[in-house]
Amino acid sequence: MNAQEATAATSYGGGIPRINYLNAKTTLASWLLTKDHKRIAIMYLISVSVFFLIGGTFAATIRLELLTPASDLLETGTYNKVFTEHGIMMIFFFLIPSIPAVLGNFLIPIMIGAKDLALPRINLVSLYIYWIAGALALYGLMVGGVDTGWTFYTPYSTTFSNTYVEIVGIAIFINGFSSILTGLNFIVTIHTMRAPGMTWFRLPLFVWGHYAVSLVMVLGTPVIAITLLLVAIERFARVGIFDPAIGGDPILFQHLFWFYSHPAVYIMVLPGMGVVSELISNFSRKKIFGYEFIAFSSIAIAVFGFLVWGHHLFVSGQSPYAGMVFSFLTMVVAVPSAIKMFNWTATMYKGSIHFDTPMLYGLGFMGLFLIGGLTGLFLGALGLDVHLTDTYFVVAHFHYVMVGGQVVAYLGGLHYWWPKMTGRMYSEFWGKVSAMLVFVGFNLTFFPQFLLGYQGMPRRYAAYPPEFQVLNIFSTAGASVLGIGMLMPVIYFLHSLWWGKEAGDNPWLLPGLEWRTSSPPPTENFLTPPIVTWEPYEFGEGSGLELEAERRREAERAAV
Amino acid sequence: METTNWVPLFPEQASTFAWQVDSLYFYLVAVSIAFTIPIVLAIFIFAMKYRAKEKYGSGAEIHGSMVLETTWSIIPFIVSMTIFLGGAIVFFNQYTPPENGMTVYVVGKQWMWKLQHETGQREINELHVPVGRNIKLIMTTEDVIHDFGLPEFRTKADIVPGRYTYLWFQATKPGKYHLFCQEYCGLNHSGMGGWVYVMEQKDFDAWLSGNASGQTPVEMGKDLFENKLGCASCHAGGPQQRGAKLEGLYMSTVHLTGGGTVVADDNYIRNSIENPASQVVEGYQPIMPTFKGQVTEEQLNALVAYVKSLTPGAPTSSSSAGSAAPSPAANTAGAAAGAANSMAPPKADRGKRTAPGSNPNTPANSNR
Amino acid sequence: MAEHGHSDKFVYHEPGLQHQFSDMMQQEQSVSIGMWAFLAQEIMFFGGLFTAYLVFRSKYPMAFAAGSNRLDAFLGGTNTLVLIVSSLTMALTVYFAQKGNRHLQIIFILLTMLFGAAFLGIKAVEYHNKYVEGIVPVAGWNARAKAPAGAEREEAKPCWQAENLEGDNYVNPKGEFIWADCSLAKLAQDENFLTTAEKAGYFSNGQLDGDKFRDKVRIFFFLYFVMTGLHALHMIVGLVLMTWLLWTAFRGYYNADYYMPVEMSGLYWHFVDIVWIFLFPLLYLLGRHFVHAH
């Protein structure tokens, strides 16, 4: 038996191992003080889901209010707080942590063949910081919330808003450090903790995607930290650099804010792209097409993403020449994403495709991100952006890339690695139903908003002219479908924890390193530390899976 | 320069560069379709053709293709460059105001627009312009960032405190077009709208000289009260009332803050509009902004006539005792939207609804 | 490559090796990359402030020159020297840790802490001086001094002839930020080197406006306090780190084979030093020629 086969055979051959990371120790302290990256990932999963539900409730409220042109469900001031908090909760407390802190934390050590992340205590500190920040943000929400928009433009946020800008601003500031430490940990881990034989170009693309996103998290997040800190100081001390009434410059705020917040949107898509590379290649049972191109395009997006922030300031009073530079660079940063899209499609060519739920989400990502990315070109074109900025076109665009992109990829990843994390399979039927509801509901919700935007409907409007009502009704109808589609997994995932079929360590017989240990894995991830000698997405001769495939075919023939 | 009125999905093209913006849009839609169709088709075809035949089988061993990668890197790059060039050219047209033209000064503030023509004519929440002439707007704001958005003209620009920003357009068709505030500015951001009236040159000249409509003073005053000046937002009644009730006011006895009474005659009404802080009704907050300098003599007379008409049986000169003095019920708390006009630095209000009548963007029957 | 069985009890581990690492080299590499990544993000953190400083300095150079000249360059320079020496003692700490000399290690940690504390002490003196001079940019955070009873009210001079209120002339009943002297702006106006922003920013109705000039000087002091304050916070963290290092060195944790924590702490300390090396000239040495050459 060669090394590959040996590694493939280290699995228990099915069933949940008697001792695994979930039940190794069961006291509360063993969870809250854990250094195990997998437990930390599970705690993140629960936390981000809470914020997703809160943010989602606000989304539902927005869509209900927008059923009618008048501001009748909510007072305008309340509506302003609702959309602000929707943005803050979803972006800072759900989307940015989601894939890295849940799936990244769980899988990166296993995918590289390590026992844990390089800095487990830093990982735990990162979780604690997230909880503290989240608690502060919730406190800010409960005492009255913020109404500045998640963009906190000055001087409204420094001088005019009567809401709890300091509290929520500091909460976001604190949360930034959680993000920074997670990214830092990933960078170190991927550099130093790879198992013997796991060279850079044998890494799964999920890991490459997380490496790229970690660069952005570490280098970009401090800028928003200092910016929001300055806003809080300015509000408190009534002196500062953003309010023109005391000599400051509101456009400086916009530059500092967007210098982070644009790379932030790549934080909110690169991990998703990493997941999609895994889904498409594994469920086509075929090597990913253009591995190096996908790997380098992630790095390119991370780097170029730092150069385009000015495209949020095209109509802000920024110099038109600066606008031209930023528009040009925005077009450049679109190209790596296009390359990925083509590579994923080509991966399916001559594959052996299975349409399990994770694959449906992967395909959904491709369709939705395609539209989202293309509409980004609309907004990057200067002349067109003048008409479209601050309208619902922008709202539709970013929901397509963030929700149609990252959230769909997150759901796909959860469904894909659920058996690994919990040892249980969920109901495949309900999984497929919810994937399709999400796809259909999403398009119904957000496609009309492109049309609304071109017609001129501004964003952040509690009340709007009556001629926009029909499309808004369509959008709300779609949102109900989307909401149902997104809530269903909560039910069947929870159900699977008690009554789901035991998955076994490699339910779909895949070559990745994570599938060569038990489900759930033991605390130290592998019983025997692996030695890697095969290429990534190796489905052919070198995968060592043939033996197991034959065994399963035998078992199925015997069962008949 | 085609128009697309018959397509309900696009706003009217009402400016000289609107067709350029729309053309760029159509080009981008075409590019999007050109990329989407092959990719989606490929996904569908591959999905069907390469469906797994055997459960544990695997796909072909294909690593990649340099030729394909190069092709699909270069072509999207070239396409994106054409989009950039198109966008840059249109942008240049949108933001390079021509030399000759009319200038209008715009001041935005929470939550209204104040405009002034070169000839001195002032407007609130409305802009009258002649068709076929270059209009340049020089804009600033008194408080937070706003945005002067004109969808039918396909242009907008932020207005930033502490500096001047500018915008230009040339309207091509007479009509009534939306003006939206398009940068979130606080409580009544969605109510900060208005209208741009594009008129034939001769109609514009007539309007400019001040006598465009054949309204009676009371009708004109009612129009100013309810629509143009936003008086109704505080004085219209209902739970939003922050200002004294004006029905039955004329020639009644008014109790002022700090003691003292006064009879509400023509001068009282006029003074309340020009210098409201000097005589605040007891039980009300001193938050009414002054309209001195914002209304012409003619408009002032019209307003006085209208307020008088709110007292039944009160012709222009007699002084019948109307209903009781305005009830000093303190029915609001906190600073109202109007406070923003007179205090510095203004503080935004919390939790107050858009007042009926003050928002041209909502139906008139949104009376809650 | 070291192999680990199920139970760690039976395998020799180097002291200080964390369980997730297979050998010391891996641990040291990891910790090193981690610390460098952390310092990179610290640079971005301060970077935002440096950006703001650069933007405002290029907009209002005269106001910034005026403010900068009120800072005590002697104390600032002394602090720079103190920090550089502390970096030397820190480097020596690492050197002696590498040599396995516990005794000298501890001495140099103590010296480093001494210089670090001296830095903070001098900073405290500087901050106090700002307080008594009325140039803390927050209203109410300056020393209050009522006008002496019976003092003659001098005729208000235009701001370019006024002098800053110091010593016996210091009158500040509400503890506000006070700045009376706008002579540098007048100089720039006379000799025609005002920037575009200054031509609008210092003037009201065509006249030099002392209050507007004061607001811009206030921004300089705001940035001064935020930047040096953030730096001082990092120094305090550094001192805490040194305390931990002192304790662990005293307990004998480090030897010639294992002194990575000392080296990493050294990296952090040097970083804090370098930030100051940038802060000092930008804040203290700027625009001195305007005042001293005329």
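Of the candidates A:Phe160, A:Phe186, A:Phe242, A:Phe201, the single residue that is within 14 Å of chain B (Cβ to nearest Cβ) and in contact with a Ser or Thr (Cβ under 6 Å, 6 or more places away or on another chain) is A:Phe242. Look at (1) among the acidic types (Asp, Glu); (2) modelled with pLDDT of 95 or more; (3) not in a helix (DSSP H, G or I) and you find that C:Glu14 fails only one, number (2). A:Glu538 fulfils the conditions (1) among the charged types (D, E, K, R); (2) in a loop (DSSP other than H, G, I, E, B); (3) closer than 30 Å to A:Asn23 by Cα except for a single criterion, (3). Within segment B:10-30, the only residue that satisfies the criterion of being more than 26 Å from A:Gly372 (Cα to Cα) and facing another protein chain (nearest Cβ under 9 Å) is B:Phe17. Can you find a residue in segment A:50-73 that is of a type in the set (Ser, Thr, Tyr) and within 14 Å of chain B (Cβ to nearest Cβ)? Within segment A:50-73, one or more residues are of a type in the set (Ser, Thr, Tyr) and within 14 Å of chain B (Cβ to nearest Cβ). A count restricted to segment B:265-291 and to residues that are in contact (Cβ under 8 Å) with a residue 40 or more places away in the chain and of a type in the set (S, T, N, Q) stands at 2. Among the conditions (1) part of a strand (DSSP E or B); (2) basic (Lys, Arg); (3) more than 7 Å from every other protein chain (Cβ to nearest Cβ), B:Lys156 misses just one, which is (3). Taken together, the residues in segment B:69-107 that are more than 30 Å from A:Ala295 (Cβ to Cβ) and either assigned to a helix (DSSP H, G or I) or within 24 Å of the chain's Cα centre (by Cα) (or both) amount to 20. Quick check, is B:Tyr166 among the aromatic types (Phe, Trp, Tyr) and over 15 Å from the mean Cα position of the chain (by Cα)? So B:Tyr166 passes the test.
Here are the criteria: (1) within 14 Å of chain C (Cβ to nearest Cβ); (2) surrounded by fewer than 21 Cβ atoms within 10 Å (Cβ to Cβ); (3) farther than 30 Å from A:Thr528 by Cβ. Tell me which single one A:Ile170 does not satisfy. Result: A:Ile170 fails condition (1) only.
Scanning segment A:442-480 for residues being under 26 Å from the mean Cα position of the chain (by Cα) and more than 21 Å from A:Val82 (Cα to Cα) gives a total of 5. Restricting segment C:35-50 to residues that are more than 14 Å from the chain's Cα centre (by Cα) and within 7 Å of another protein chain (Cβ to nearest Cβ), the residue that is farthest from C:Ile219 (Cα to Cα) is C:Ala37.
The selection criterion, being surrounded by 24 or more Cβ atoms within 10 Å (Cβ to Cβ) and either over 19 Å from the mean Cα position of the chain (by Cα) or more than 9 Å from chain B (Cβ to nearest Cβ) (or both), holds for A:Val269. Scan segment A:290-299 for residues that are within 11 Å of another protein chain (Cβ to nearest Cβ) and either surrounded by 18 or more Cβ atoms within 10 Å (Cβ to Cβ) or in a loop (DSSP other than H, G, I, E, B) (or both) and the total you get is 5.
If you go through segment C:258-281 one residue at a time, do you hit one that is farther than 27 Å from C:Met44 by Cβ and surrounded by fewer than 22 Cβ atoms within 10 Å (Cβ to Cβ)? Within segment C:258-281 (the criterion being farther than 27 Å from C:Met44 by Cβ and surrounded by fewer than 22 Cβ atoms within 10 Å (Cβ to Cβ)), the answer is yes, since at least one residue qualifies. If you check B:Gly64 against the conditions, is it without any contact (Cβ under 8 Å) to a residue 40 or more places away in the chain, at the interface with chain A (Cβ under 7 Å from one of its Cβ atoms) and surrounded by fewer than 18 Cβ atoms within 10 Å (Cβ to Cβ)? When the stated conditions are applied, B:Gly64 does not pass them. All of C:Gly140, C:Gly121, C:Gly100 fail the test of being under 17 Å from C:Lys174 (Cα atoms) and not aliphatic (A, V, I, L, M), apart from C:Gly140.
Kindly evaluate A:Gly220 against the criterion of being within 17 Å of the chain's Cα centre (by Cα) and of a type in the set (Gly, Ala, Ser). For A:Gly220, the condition - within 17 Å of the chain's Cα centre (by Cα) and of a type in the set (Gly, Ala, Ser) - is met. Just one of the listed residues (C:Ala118, C:Ala139, C:Ala149) is over 30 Å from A:Gly248 (Cβ atoms), out of contact with any strand residue (DSSP E or B) (no Cβ under 8 Å at 6 or more places or on another chain) and either surrounded by fewer than 16 Cβ atoms within 10 Å (Cβ to Cβ) or not aliphatic (A, V, I, L, M) (or both), namely C:Ala149. Among the residues of segment B:155-196, those identified as farther than 21 Å from A:Ser316 by Cβ, touching an Asp or Glu at 6+ places or on another chain (Cβ under 7 Å) and buried (at least 20 other Cβ atoms within 10 Å of the Cβ) are B:Tyr177, B:His178, B:Leu187, B:Gly194. In this entry, B:Ile83 passes the filter for residues that are aliphatic (A, V, I, L, M), touching a residue at least 24 places away in the same chain (Cβ under 8 Å), surrounded by 15 or more Cβ atoms within 10 Å (Cβ to Cβ) and within 9 Å of chain A (Cβ to nearest Cβ).
With respect to A:Phe429, determine if the residue is surrounded by fewer than 23 Cβ atoms within 10 Å (Cβ to Cβ), within 11 Å of another protein chain (Cβ to nearest Cβ) and among the aromatic types (Phe, Trp, Tyr). When the stated conditions are applied, A:Phe429 does not pass them. A residue that is assigned to a helix (DSSP H, G or I), among the hydroxyl-bearing types (Ser, Thr, Tyr) and facing chain B (nearest Cβ under 10 Å) can be found somewhere in segment A:275-286. Considering segment A:310-348, and only residues there that are facing chain B (nearest Cβ under 9 Å), farther than 18 Å from A:Ile371 by Cα and in a helix (DSSP H, G or I), the residue that is modelled with the lowest pLDDT turns out to be A:Pro320.
Within the option set C:Met25, C:Met62, being surrounded by fewer than 18 Cβ atoms within 10 Å (Cβ to Cβ) and modelled with pLDDT under 95 holds for one residue only, C:Met25.
The values are calculated or read from the model by the stated rules, or taken from the named source; none is laboratory data. What you see is a predicted model, and the numbers here were worked out from it, not measured in a lab. Counting neighbours? That spans all protein chains shown, and the Cβs are built from the backbone with ideal geometry, glycine included.
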